[in-house]
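Structure first, then comments.
The values are calculated or read from the model by the stated rules, or taken from the named source; none is laboratory data. Quantities reported herein were computed from a predicted structural model and do not represent experimental measurements. Here the Cβ is made from the backbone with ideal geometry for all residues, glycine too, and neighbour counts use every protein chain on show. To get the accessible areas, we keep the full protein, side chains included, count just its heavy atoms, and leave off ligands, DNA and RNA. Shrake-Rupley method; radii C 1.70, N 1.55, O 1.52, S 1.80 Å.
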Amino acid sequence: MLPPGSRLKISELSKSYASGPVPIREALQTLVGEGLVVIHPHKGASVQLIEPRIIEDMLEVRRALEPYINAAFVRNASINVIRELEAIEDEFEKFQDAGDIGSYVRADQEFHTQIYRMSGNAEAMYIINRHFSFIGAHLSRYGQSAERMQQVRSEHRRQIAALKDGDATTAAEIAILHLANAIRDLREIASRSA
């Protein structure tokens, strides 16, 4: 993964990926559309800077979606899907305990993807997948506080319990708290890194 702000030169990317310039340009345009790359007229492209405000805005959008997503999960999820969610959380905690940040981030993303997937809403899936691109990069750069890592475990487990009980309202409230805590942690870590 290239760090935020890195210049992207088509010739270097073509060489690195053993590809011609046309597929590289097309890939860059796709990444521009996802907000991961910025094109600077007459200067080329660079990896999007990950500013805390961008992540906060994304989390605010997700907070607005959570009541809908959790209600859809309760309507559509079978007991097997809930068991899969519990298994994902078990893996998440195992990676967290081992200090394996990359696997921890992927398991966290799979946890939320499993919940969003049950909505059957392609746009909601697009939104969360786009957010994961930024959030994963942010976590790779800044990490999370130890307190936040413990909060995440508790919030996930409480959300699973509410979903298992068929209580979409409580599950959504927990998810909204989860996102508010993520925003607070983001601000604190970003302010210390500035």
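Criterion first (touching a Gly at 6+ places or on another chain (Cβ under 9 Å) and assigned to a loop (DSSP other than H, G, I, E, B)) does L49 satisfy it?
yes
Does the stretch 55-70 contain any residue that is open to solvent by less than 20 Å² (accessible area, probe 1.4 Å) and more than 15 Å from the chain's Cα centre (by Cα)? Can you show your working first?
To start, the set of residues in the stretch 55-70 that are open to solvent by less than 20 Å² (accessible area, probe 1.4 Å) comprises 55-56, 58-59, 62, 66, 69-70.
Retained after the next criterion (residues that are more than 15 Å from the chain's Cα centre (by Cα)): 69-70.
Yes - at least one qualifying residue is present in the stretch 55-70.
Among the residues of the stretch 13-29, are any under 18 Å from H178 (Cβ atoms) and part of a helix (DSSP H, G or I)?
no
On the basis of being open to solvent by 40 Å² or more (accessible area, probe 1.4 Å), in contact (Cβ under 8 Å) with a residue 60 or more places away in the chain and either more than 17 Å from the chain's Cα centre (by Cα) or within 24 Å of V74 (Cα to Cα) (or both), does R106 make the cut?
Working: open to solvent by 40 Å² or more (accessible area, probe 1.4 Å): yes; in contact (Cβ under 8 Å) with a residue 60 or more places away in the chain: no; either more than 17 Å from the chain's Cα centre (by Cα) or within 24 Å of V74 (Cα to Cα) (or both): yes.
So R106 does not fit the description; no.
When the residues of the stretch 1-49 are filtered to those that are in contact with a strand residue (DSSP E or B) (Cβ under 7 Å, 6 or more places away or on another chain) and on the phi > 0 side of the Ramachandran plot, which remaining residue is modelled with the highest pLDDT?
Of everything passing the filter in the stretch 1-49, G44 is modelled with the highest pLDDT.
Being surrounded by 15 or more Cβ atoms within 10 Å (Cβ to Cβ), without any contact (Cβ under 8 Å) to a residue 24 or more places away in the chain and not hydrophobic (A, V, I, L, M, F, W, C) is the filter here; which residues of the stretch 160-183 pass it?
Scanning the stretch 160-183 gives T170, E173.
Being touching a residue at least 12 places away in the same chain (Cβ under 8 Å), open to solvent by 50 Å² or more (accessible area, probe 1.4 Å) and either among the aliphatic types (A, V, I, L, M) or over 18 Å from V74 (Cα atoms) (or both) is the filter here, so list the residues in the stretch 111-130 that pass it.
N129, R130, listed by residue number.
Looking for whichever is within 26 Å of G35 (Cα to Cα), β-branched (V, I, T) and modelled with pLDDT of 90 or more here; the options are I183, I135, I176. Which one fits? Reasoning before the result, please.
Numbers: I183 fails: modelled with pLDDT of 90 or more; I135 fails: modelled with pLDDT of 90 or more.
When all the criteria are applied, what remains is I176.
Can you name the residue in the stretch 24-54 that is under 22 Å from H131 (Cβ atoms) and charged (D, E, K, R) and is also surrounded by the fewest Cβ atoms within 10 Å (Cβ to Cβ) among such residues?
R53
For the stretch 64-109, what are the residues that are acidic (D, E), at pLDDT below 95 and more than 12 Å from H156 (Cα to Cα)? Let's see the steps before the verdict.
As a first pass, look at the stretch 64-109 and keep what is acidic (D, E): 66, 84, 86, 89-91, 93, 97, 100, 108.
Imposing the further condition that a residue be at pLDDT below 95 reduces the set to 66, 97, 100, 108.
Across the stretch 64-109, the qualifying residues are E66, D97, D100.
Considering G20, G99, which residue is surrounded by fewer than 17 Cβ atoms within 10 Å (Cβ to Cβ) and touching a helix residue (DSSP H, G or I) at 6+ places or on another chain (Cβ under 9 Å)? Give the derivation first.
Details: G99 fails: touching a helix residue (DSSP H, G or I) at 6+ places or on another chain (Cβ under 9 Å).
Among G20, G99, only G20 is surrounded by fewer than 17 Cβ atoms within 10 Å (Cβ to Cβ) and touching a helix residue (DSSP H, G or I) at 6+ places or on another chain (Cβ under 9 Å).
When you check A64 against the structure, is it among the hydrophobic types (A, V, I, L, M, F, W, C) and more than 21 Å from A161 (Cβ to Cβ), yes or no?
On the way: among the hydrophobic types (A, V, I, L, M, F, W, C): yes; more than 21 Å from A161 (Cβ to Cβ): yes.
Judged against the criteria, A64 is a match.
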